[in-house]
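Notes follow the structure.
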Amino acid sequence: GPPGAPAPRRRTAWAEGVDRLKAGATTEPGRLRIIGAVLALLVVAFGATTAWQMTDRSAAADDVLHSSQPLSADAADIYRSLADANTAASSGFLAGGQEPEAARDRYERDIRNAADKLVTAATSTDPGTRSAETIARLNKLLPQYKGLIERARANNRQGFPLGGAYLRYANEKMQTEMLPAAEDLYKTENQRLRDDYDSATPYPWIAIALGVLALGGLAWAQRRNYRRTNRVFNQGLLAATAASTVVLLWLVVGHTVARSGLSSSYDHGVRSLNVLHDASIASLKARGSENLTLVSRGAETVSVKGETKDKYDVDFQQEMTELAGKLNAAYSLADGEGDTTGRAPVTKANDSMKEWRKRHQDAREQDDSGNYQGALDKIIGSKKDKPTGECFDLVDKNLDTALVHEQRQFSDKASGGLDAMTGLPVGAAALAVLAAAGAVFGIGRRLSEYR
């Protein structure tokens, strides 16, 4: 330039790169390079997104099967064990000073099982969470409850009426502190299970959209190639299309099968298990209330519609109504007519529940007429007395059979859902890399014709 004129500003590397890209895009080799880069990027993004989304869903499905559902079941077992221990303690107390060995063993087994399950739940729960706090509270309350039961037994053996007061106090601690805490733990773990299902079942729409976009891009590139060269096939682009199609089909079909298995495991496993657990708990609470009706001998009453009634008998009637409702719900959720395995034990439990109600009414009539021993025989007597305890045991046994069946149903269906995702994240990533390589190779073959 002329002397004294300012030196021209140097252009930035970015601006020069943009100019070169624009210039390259006006030539066929330049356009091919851009097309190859975009196709490779689309296919790799598709594979990476598929691997990411399916890894998340597979991990959530694994949690459903191996973590949250077992923890939910453990929480239900803790509740049932505590309720059953309370029932066994009151049954043993009713028998008098010499507590039957079977009742004592059942109580000890329930307490031990509850303690073991609390340890298992504590090791599987993150510190500081609501579940961890509930478990700590239950671990503190359990020895307090055991102490009250031991005092009740000691007084009962010596014939002191104070034993009944201790037993009622222990029952109050169980009903107002321990069982609500156990129920809270059960609900918390059930919500965690529901959250894992919600993470495992949604369709991976981002990956599917990228897959459709990648296939659309590959189809467009091959059509463009055909129109310019009249060659029907480009081996690289064809291989990329085939690999991408396999990934997309695997993704859609695999996740659909997995989603179906997981949804089925919830509808025909978890829901049934929840209702059966509720039925079992209602049965245990009803038995405990029935026993305490005789232990308290009218010491605790409530007013119902202006009429004074025994508190524990009122509780019993409410819990039996709850049991009847849960058994009806369990029957409707169990297997259909093609497979009676799930419904058979529920039907037997329902029949035993109806007989239990009849026998309980007989026992109440004996007690109300002043025949305490006759009422006692109708509750915990020998087989010839046709005691309500016989019906309770049958309800409990059949509900256990139904729970085992539904747990197996859950495990089979959830395992099938998890298996359908097996290998998908790794397989999708590997096939996407092959597809990207095929796209680059296919474009490279066209570029070689310009050299």
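The values are calculated or read from the model by the stated rules, or taken from the named source; none is laboratory data. Just so it is clear, the structure is predicted and the values come from calculations on it, not from any experiment. In this analysis, Cβ positions are derived from the backbone assuming ideal geometry, glycine residues included, and neighbour counts consider all displayed protein chains. Just so you know, the surface numbers come from the protein's heavy atoms only, side chains and all, with ligands and any DNA or RNA stripped out. Shrake-Rupley method; radii C 1.70, N 1.55, O 1.52, S 1.80 Å.
Listing for the model above:
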read-out	value
Exceeding the 24 Å Cα-Cα cut-off - candidates Lys358/Lys383; Lys285/Lys358; Lys309/Lys354; Lys305/Lys348	Lys305/Lys348
Extension reserve of the Phe233-Trp205 stretch, reckoned as 0.36 nm per residue once the Cα distance is removed	7.0 nm
Carbon and sulfur %, accessible surface of the chain computed with the full protein complex present, 1.4 Å	55 percent
Helical mean residue ellipticity (222 nm; -39500 (n - 2.57) per DSSP H run of 4+; nearest 500) of the chain	-28000 deg cm²/dmol
By average C-beta atoms within 10 angstrom, highest first, the peptides 124-132, 352-360, 277-285	277-285, 352-360, 124-132
Cβ-derived FRET efficiency at R0 22 Å, Ala95 paired with Ser369, nearest 0.05	0.50
Protection proxy ranking of 87-94, 365-372, 432-439 - average other beta-carbon atoms within 10 Å, highest first	87-94, 432-439, 365-372
Furthest towards positive pole of dipole, Gln317, Val295, Thr241, structure part the stretch 240-333, Cβ charges	Thr241
Residues Asp412 and Val252, FRET efficiency given R0 of 35 Å [Cβ-Cβ distance, rounded to 0.05]	0.90
Taking N as its residue count, the alpha carbon Rg of the stretch 340-451 over 2.2 N^0.38 Å	2.51
Check: the chain dipole with +1 on Lys, Arg Cβ and -1 on Asp, Glu Cβ, in debye	2900 debye
In range of the label at Thr347: residues from the stretch 368-410 whose backbone nitrogen is under 16 Å from the point 7 Å along Cα→Cβ	398-399, 402
Length released on extending from Arg271 to Ser332, taking residue separation times 0.36 nm less the Cα-Cα span	20.9 nm
The chain - accessible surface per residue (Å², probe 1.4 Å)	50 Å²
Distance in nm between pseudo-label sites at Ile34 and Arg137 (7 Å out along the Cβ direction from Cα)	6.5 nm
In nm, spacing of pseudo-spin labels at Asp393 and Arg194 (7 Å Cα→C-beta vector)	3.8 nm
Förster radius 22 Å - calculated FRET efficiency between Arg109 and Ala154, Cβ distance, rounded to 0.05	0.55
Against the rule of thumb 2.2 N^0.38 Å, how large the Cα Rg of the stretch 240-284 comes out	2.01
Average Cα contact separation per residue, the stretch 317-451, under 8 Å, 6 or more apart, as relative contact order %	20 percent
Crossing angle, helix 205-229 versus the chain [Cα axis fit, 0-90 degrees, rounded to tens]	20 degrees
Kirkwood estimate for the chain, i.e. one over the average of 1/r between Cα atoms, Å	27.0 Å
